Amino acid sequence: MTDLVHGNPLWTAINAVPVQYPWLEKDESCEVAVVGAGLTGAMIAYQFAKAGIDTVLLAGSSIGYGSTSVSTGLLEYDAAGTLTELTEKIGSDEAVRVYEMAEAAVHKMERLAGELPDNAGFTRRDSLYYCDCPEHDGFIHEEYLKRRHTGFDVELIDRTTAKDRYSFPISSGIVSKNASAEVDPYRLTHALVAAAKQAGARIYEHSRIYNIVTDDKRQTQDQVLSSVTRHYVYANKVVIASGYDAAQFTGGLTSQSTVFAMATKPVEGFAGWEDRSILRNHDCPELYLRTTADNRVIIGGLSSSFIDGGGRIGGILSMPYLASKRYCELETHLKDMFPGIRGLSAEYDYAGAFCTTVDGLPIIGGEAEHPGWYFALCPGDNGILWANIASELLLELHKGEPSEDLALFAPCRYKPAGHAGSRKRKEARR
Ligand SMILES: Cc1cc2nc3c(=O)[nH]c(=O)nc-3n(C[C@H](O)[C@H](O)[C@H](O)COP(=O)(O)OP(=O)(O)OC[C@H]3O[C@@H](n4cnc5c(N)ncnc54)[C@H](O)[C@@H]3O)c2cc1C
């Protein structure tokens, strides 16, 4: 099992566990079994149960305590990279389509949050993607034009206009109007699971699945899932939504690292931070900032090599020294950016395993090798929106109405790995 979380993540610290669910203490049978109850599994279980599909959700540990607990909770249509970068990786039409889908997913998440018993603090925000090095002004300007000509509601700001709006140095930046949002990802996961249960799904916690086989002797429900609780789940289809732990089921996930984050104590105002926009720095691409409903600031993103279960970095160095350095850097960075915000001091320091795919897109859909399985692996900075997209695409696939958008995220694009991905994606779209 991958060690997904280190330190004291904000969301699980400030929220009591809303509900505890039983373990799998008897055999179960269902049409669809969802393996993994982070935000992705929760979203899929809810959408499937709401569509009247007999669904079982299996959490390996406590619901929402995987990488969901360290997520910053940002929903940004551009978090998978700039349009320029994405175009280089997957082609122009495909990159624009991904942007459109991600932007639409923010709207869908807003509606979805509104229908849940707890809207998990869903709040619309502007976002600012900026550079502080003048050498990158050209890139920002071109990126702005691409987005504008593709129909996104964006504004270009320069050094002079930025000065009145933000207290930190900006050479140029793109403001996306009201297109982004923020949530509490832990609350959202629990709200989705509660709604899935309400819609008829059966939920089991602490019921890790250690094996899945196809039993050819069974007419239906031929997917047999073995749980550590010594019970079985018989299902027609299995959704693999086990997050970064999915290596046990598939390939395709790459570049694993550990990403650090820090949440401050609540502050009294946000001087120098126009509209509390979501901030992302092009020159330090992993660095992002948001505020929370209870007036904290979260700054995240500085990374290191992967930290293993023994707390070793790259298998050698011990974590505490590097971690305290990273937390210190985050706090200093924040204070430098916002000299006008009083009382900025760290309250929660935490870190999480981070991985992505070669093109930064999720792995969604079925593959020939495992006809009874659907994959919903939603890593990277855009995991929440990917999860929403995965839930819709898989539901359509399950109903026998596969969307051609599935080809963008096809698991087969990584077999064999490498640049064949783009060609395979194009072939799959035809
Ligand atoms: C520091 C950091 C910041 C991030 N910030 C953002 C952000 O702002 N916005 C965003 O969209 N994304 C962000 N992400 C990505 C985030 O990981 C995803 O958004 C999302 O939370 C992943 O959800 P998940 O359900 O796919 O994975 P997880 O939350 O990891 O859930 C998977 C679950 O599956 C369970 N599991 C694994 N194997 C099994 C098994 N065999 N049987 C049963 N259960 C199993 C695990 O116990 C785990 O709880 C961030 C990630 C990190 C590390």
Just grab the label-to-label distance for THR84 and GLU142, each label 7 Å out from Cα along the Cβ direction, in nm (one decimal). 0.5
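Pairs of Cα atoms under 8 Å, at least six residues apart: use those to get the relative contact order of segment 35-113, whole percent. Intermediate values should be presented prior to the final figure.
Working: 53 pairs, mean separation 19.4, N = 79.
Relative contact order comes out at 25 percent.
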Looking only at ALA42, ALA407, ALA33, which one moves most when the chain is put into a Gaussian network model with springs between Cα atoms under 10 Å? ALA407
Residue of TYR130, TYR144, TYR21 that the Gaussian network model of the chain assigns the largest fluctuation, springs spanning Cα pairs under 10 Å: TYR21
What aspartates and glutamates could a cross-link reach from LYS237, if we take a straight Cα to Cα line under 15 Å and drop same-chain neighbours fewer than 8 places away? GLU28, GLU31, ASP54, ASP215, ASP216, ASP222, GLU367, GLU369, GLU396
What FRET efficiency comes out for the pair HIS149/LYS335, r = Cβ-Cβ distance, R0 = 51 Å, nearest 0.05? 0.85
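Could you order the peptides 331-339, 115-123 from most to least packed, using the average number of other C-beta atoms within 10 Å per residue?
Values: 331-339: 16.0, 115-123: 17.6.
Ranked by mean Cβ neighbours within 10 Å, highest first: 115-123, 331-339.
Output the Kirkwood hydrodynamic radius of the chain, Cα pairs only, in Å rounded to one decimal.
Working: mean 1/r = 0.0452 Å⁻¹.
One decimal place: 22.1 Å for the Kirkwood radius.
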Using just the C-alpha positions of segment 26-183 as equal point scatterers, what log10 of I(q)/I(0) does the Debye formula give at each q in 0.09, 0.20 1/Å? -0.41, -1.27
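How large, in percent, is the carbon and sulfur part of the accessible surface of the chain at a probe radius of 1.4 Å? Mind dumping the intermediate values first?
Values: 8610 of 17470 Å².
Its accessible area is 49 percent carbon and sulfur atoms.
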Taking Cα centroids, how far is segment 117-175 from segment 194-240 in Å? 45
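If packing is taken as the mean number of other Cβ atoms within 10 Å per residue, what is the order of 231-243, 131-143, highest first? It would help to have the intermediate numbers written out before the result.
Values: 231-243: 23.5, 131-143: 15.7.
So the order, starting with the most tightly packed, is 231-243, 131-143.
Within segment 86-212, how many Lys pairs that are eight or more residues apart, or on different chains, come under 25 Å at the alpha-carbon?
Working: LYS89/LYS146; LYS108/LYS146; LYS108/LYS177; LYS108/LYS197; LYS146/LYS163; LYS146/LYS177; LYS163/LYS177.
For segment 86-212, the number of qualifying lysine pairs is 7.
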Find the centroid of the Cα atoms in segment 64-105 and in segment 1-41, then give the distance between the two in whole Å. 24
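Per residue, how much accessible surface does the chain expose to a 1.4 Å probe? Answer in Å², no decimals.
On the way: 17470 Å² over 430 residues.
Heavy-atom SASA per residue in the chain reads 41 Å².
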With the label point 7 Å along the Cα-to-beta-carbon line of VAL17 and a cut-off under 16 Å to each amide N, the hits in segment 192-213 are 193-194, 203-208
Mind checking which of ALA113, ALA271, ALA37 has the largest fluctuation in a GNM of the chain, springs on alpha carbons under 10 Å? ALA271
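The values are calculated or read from the model by the stated rules, or taken from the named source; none is laboratory data. In this text, all values refer to a predicted model and were calculated from it rather than measured experimentally. We place every Cβ from the backbone using ideal geometry, glycine too, and count neighbours over all the protein chains shown. Surface areas here come from the heavy atoms of the whole protein model, side chains and all, with no ligands, DNA or RNA. Shrake-Rupley method; radii C 1.70, N 1.55, O 1.52, S 1.80 Å.
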